[in-house]
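Colleague: First the structure, then my questions, so here it is.
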Amino acid sequence: MSIWQAIILGIIQGLTEFLPISSTAHLRIIPAILGWDDPGSAFTAVIQIGTLGAVFIYFWKDILTIGTASLQGVAKRNLFYNQDATLGFMIVIGTIPIVLAGLLFKKQIDTTLRSLYIISSALIVLALLLWLAEQLLAKKLKAGVELKSLASLDWKTGFLIGLAQCIALIPGSSRSGVTITAGLYLGLSRETAARYSFLLSLPSVFAAGIYQLYKERESLLHSSENITALVIATVVSGVVGYLSIAFLIQFLKTRTTLVFVGYRLFIGFGLLILLSFGTLQP
């Protein structure tokens with residue numbers, strides 16, 4: 001992998017990790033269109049550590065508050081003594097399903113599920129689910145239903161969003177996309193759904209990145225060129241990812257996610273057309 005390829009892949013990762021359009025899909029599709037080798041799921045997981053750093057920097061006050069409260073909960077032997085402590089352990093419990101599913105289906109995630117047919121299908125299906133979630137949210141807003149905030153998030157809602165996060169293991173579905181969609185179905189505002197989605201990503205993205213780095217260390221770190229490309233892509237993804245978070249949080253305060261629905265449908269059907277004409281191989 002050249003330096004320029006690493007920079008481009010880092011930009012793609014940073015731009016698409018937090019938008020509900022699937023970073024994995026773009027890291028699979030764009031190299032295929034450009035005639036590059038598939039960077040692979042291990043490379044993708046490791047450079048997500050860069051965007052993980054972006055979450056830490058952007059939400060450092062929230063993370064510090066939640067982390068401190070969680071530690072105090074352990075010290076007090078009352079894990080849920082306030083909402084911040086409860087939220088911390090809610091994130092931990094909500095991460096368990098995707099960790100178990102990731103280990104159970106690792107072989108399929110690394111191989112068959114990276115088919116461009118699977119990715120195009122996931123892009124389209126999740127776009128339709130997000131569109132339905134927006135319709136439901138619009139009805140709730142029209143009826144004057146009070147939407148949930150992070151302060152009012154309950155265990156059932158937090159766990160169900162964590163369960164929905166497992167769908168993100170299918171390339172093309174989008175981790176932020178499925179968790180934001182689940183949040184909208186469960187009565188969260190768009191901004192709250194995005195914030196919880198980003199906080200929920202911390203343990204799972206960190207675990208996946210470290211696991212893949214250790215598991216595939218021989219291929220990922222076998223040369224100085226590979227290490228350089230990996231570091232550059234990770235750093236670039238972090239910088240671009242920070243800007244992406246800031247954009248999405250502000251965007252969702254006043255706008256719907258329908259632009260992302262349209263984009264997912266365009267990419268999904270466009271990919272199917274390219275596959276049908278043999279322009280791309282699945």
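The values are calculated or read from the model by the stated rules, or taken from the named source; none is laboratory data. Here the structure is a predicted model, which is why all the values come from computation and not from measurement. All Cβ positions, even for glycine, are placed from backbone atoms using ideal geometry, and neighbour counts span all protein chains on display. Keep in mind that these areas ignore ligands, DNA and RNA; they rest on the heavy atoms of the full protein, side chains included. Shrake-Rupley method; radii C 1.70, N 1.55, O 1.52, S 1.80 Å.
Colleague: Please enumerate the residues belonging to the range 109-131 that are of a type in the set (Val, Ile, Thr) and surrounded by fewer than 21 Cβ atoms within 10 Å (Cβ to Cβ). Don't jump to the end; show me each part of the working.
Modeller: The initial filter retains those residues of the range 109-131 that are of a type in the set (Val, Ile, Thr), namely 109, 111-112, 118-119, 124-125.
Hits for the range 109-131 are 109, 111, 112, 118, 124, 125.
Colleague: So which residues in the range 227-266 are under 30 Å from residue 217 (Cβ atoms) and polar (S, T, N, Q), if there are any at all?
Modeller: 228, 234, 237, 244
Colleague: Continuing with this model, one more query. What are the pairs, 6+ residues apart or on separate chains, where a residue within the range 112-131 that is polar (S, T, N, Q) has its Cβ under 7 Å from a residue that is surrounded by 19 or more Cβ atoms within 10 Å (Cβ to Cβ)?
Modeller: That search, which allows pairs on different chains as well, returns 120/172; 120/268; 120/271.
Colleague: Considering only the range 81-131, how many residues are touching a Pro at 6+ places or on another chain (Cβ under 6 Å) and more than 25 Å from residue 215 (Cα to Cα)?
Modeller: Qualifying residue count, the range 81-131: 1.
Colleague: Here's another thing I want to ask about it. Can you work out which of the residues in the range 227-282 that are in a helix (DSSP H, G or I) and among the charged types (D, E, K, R) is farthest from the chain's Cα centre (by Cα)? Full working, then the answer.
Modeller: Step one: filter the range 227-282 for residues in a helix (DSSP H, G or I), giving 227-254, 258-276.
Add one more test, that the residue is among the charged types (D, E, K, R), and what stays is 253, 264.
On the way: 253: 19, 264: 15 Å.
Only one residue tops the list, namely 253.
Colleague: Just one of the numbered conditions (1) buried (at least 16 other Cβ atoms within 10 Å of the Cβ); (2) farther than 22 Å from residue 167 by Cα is not true of residue 71; which one?
Modeller: Result: residue 71 passes all but (1).
Colleague: Moving on to the next point. For residue 222, all conditions in the list (1) open to solvent by 70 Å² or more (accessible area, probe 1.4 Å); (2) assigned to a helix (DSSP H, G or I) hold save one; what is the number of the exception?
Modeller: Among (1) open to solvent by 70 Å² or more (accessible area, probe 1.4 Å); (2) assigned to a helix (DSSP H, G or I), the lone unmet condition for residue 222 is (2).
Colleague: Within the range 25-55, which residues are at pLDDT 85 or above, within 18 Å of residue 208 (Cβ to Cβ) and loosely packed, with under 15 Cβ neighbours inside 10 Å?
Modeller: none
Colleague: Give me the pairs, please: first residue somewhere in the range 6-32 and among the basic types (Lys, Arg), second residue anywhere and assigned to a helix (DSSP H, G or I) and open to solvent by less than 10 Å² (accessible area, probe 1.4 Å), beta-carbon distance under 9 Å, and either six or more positions apart or on two chains.
Modeller: Between residues of the range 6-32 that are among the basic types (Lys, Arg) and residues that are assigned to a helix (DSSP H, G or I) and open to solvent by less than 10 Å² (accessible area, probe 1.4 Å), the close pairs are 28/44; 28/116; 28/119.
Colleague: Kindly provide the set of residues from the range 82-125 that are in contact with a Ser or Thr (Cβ under 7 Å, 6 or more places away or on another chain), of a type in the set (Val, Ile, Thr) and under 30 Å from residue 259 (Cβ atoms), ordered by number.
Modeller: 95, 98, 109
Colleague: How many residues, within the range 90-108, are closer than 19 Å to residue 179 by Cα and open to solvent by less than 40 Å² (accessible area, probe 1.4 Å)?
Modeller: Residues meeting the conditions: 8.
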